1. How big is the dipole moment of the chain about its Cα centre under a simple scheme where the beta carbon of each Lys and Arg is +1, that of each Asp and Glu is -1, and everything else is neutral? Debye, nearest 20, please.
2. Within 10 Å of each candidate Cβ there may be at most 10 other Cβ atoms; applying that plus a DSSP loop requirement, which chymotrypsin sites (Phe, Trp or Tyr not before Pro) in the stretch 300-347 survive?
3. Which of MET115, ASN69, LEU329 sits farthest toward the positive end of the charge dipole of the chain, with +1 on the Cβ of Lys and Arg and -1 on the Cβ of Asp and Glu?
4. Within the chain, what percent of beta bridges assigned by DSSP are antiparallel, to the nearest 5?
5. Go through PRO310, GLN22, VAL6 and say which Cα lies farthest out towards the positive end of the charge dipole of the chain; charges sit on Cβ, +1 for Lys and Arg, -1 for Asp and Glu.
6. Return the long-range amide H neighbours of ASN245 (sequence gap of 5 or more, or a different chain), with a cut-off of under 5 Å between placed amide H atoms.
7. If I take every Cα pair under 8 Å that is 6 or more residues apart in the chain, average their sequence separation and divide by the length, what percent do I get for the relative contact order?
8. Determine Rg/Rh for the chain; Rg is computed over alpha-carbon atoms and Rh is the Kirkwood hydrodynamic estimate from the same atoms.
Amino acid sequence: MSPEPVIRHITLDGRELVILDQRALPSAERLLRLKNAEEVYDAIKTLAIRGAPAIGIAAAYGIYVHLANKDSFSIDGALDTVNLLKSARPTAYNLFYALARQEKIIRSGIDSGPMLDKLLDEALLIHREDLEQSARIAEYGAGLINDGDGIISHCNAGGLATGGNGTSLALIYGAHRAGKHIKVYVDETRPLLQGARLTAWELERAGVPYEIITDSMAGAVMQSGKANIVLVGADRIAMNGDFANKIGTYSLAVLAKYHGIGFYTAAPFSTFDPDTADGKSIPIEQRDPNEVLEFAGVRTAPMGAKAYNPAFDVTPSELISGIVCDRGLISPPFAANIIKMRDQELK
Ligand code: MRU
């Protein structure tokens, strides 16, 4: 498969990072031009760019554009910039993975000129690697989708969430291109509607058959036999296979287990956190309660109402059928097989 992305939503234009503003989709295709770390921080925090790999790529470019547009350079100042971007969102591991790569270059202590070149090269490399990883995920997961399948997807793990064609959505694009007759049941994904707004936008463009469902319909869709597999992305995978993904993912895993249907997550190895043994220690982002109290910006709850708004939940590995990664398909027992996969690469 060609490693060309279906959507080119992250580009570098000289010393500016240009991204498609995902907050405006699907109503408007608006570009944002970001020149410093504060603007990149804001874009990540407010979900103008979102999805674990895409956040990592934006942050890596963010370091470069910030330093390239500054008149003076200091290592301490550059490390402050790294820390600012690290604080944009806590759950997606790719943010920390990409920033650790940039931080290593900053700490190397080389002169600011060559350092800027290296930071640029590293950001471009992280972007290119993600594109290639997305293509490999599609290859390794190709056998999971059969002709006639009904697939439940959650949130957006497509091109908009990565530098390539996505993680779980890359499998779906691959199956569609291979001529398999599939139908995707797109969870709308309350409260911010990444499914209804973004996944549906992508599938519409790609001509993949789909229907949007509210999150609460997933059980009924499985019970009726319309869906026979669930495919989701991941924000952070612990070394035992527990993983954090968009709130609602855990419920889907429980439902899939009850109905005896396959439940797979797909992610590049850069989403695996080597320092997190299990899901209990994955930090979960708490977002503004107003996201729950409103629907598309319109208040739907009585004034004075309170809301709980965790952006992610953790799915325990015993509920997962497999993890499709850019190094292969990981099956249970996850703890042993994740270590095997990590060590294989180091040889
Ligand atoms: O809050 P978001 O939109 O950044 O959440 C994104 C997800 O939960 C995705 O499923 C995950 O990042 C994987 S993207 C390939």
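1. Charge dipole of the chain: 380 debye, to the nearest 20.
2. Counting only loop positions with at most 10 other Cβ atoms within 10 Å, the chymotrypsin sites (Phe, Trp or Tyr not before Pro) in the stretch 300-347 are TYR308.
3. Checking the options against the dipole of the chain, the answer is LEU329.
4. The answer is about 50 percent antiparallel.
5. PRO310
6. Answer set, sorted by chain and number: ASP235, ASP313, THR315.
7. In percent, rounded to a whole number, it is 16.
8. The Rg/Rh ratio comes out at 0.96.
Rule-based calculations on the coordinates, nothing more; no lab input. Model, not experiment: these values are computed from the prediction. For neighbour counting, all protein chains shown are included, and Cβ atoms are generated from backbone atoms with ideal geometry for every residue, glycine included.
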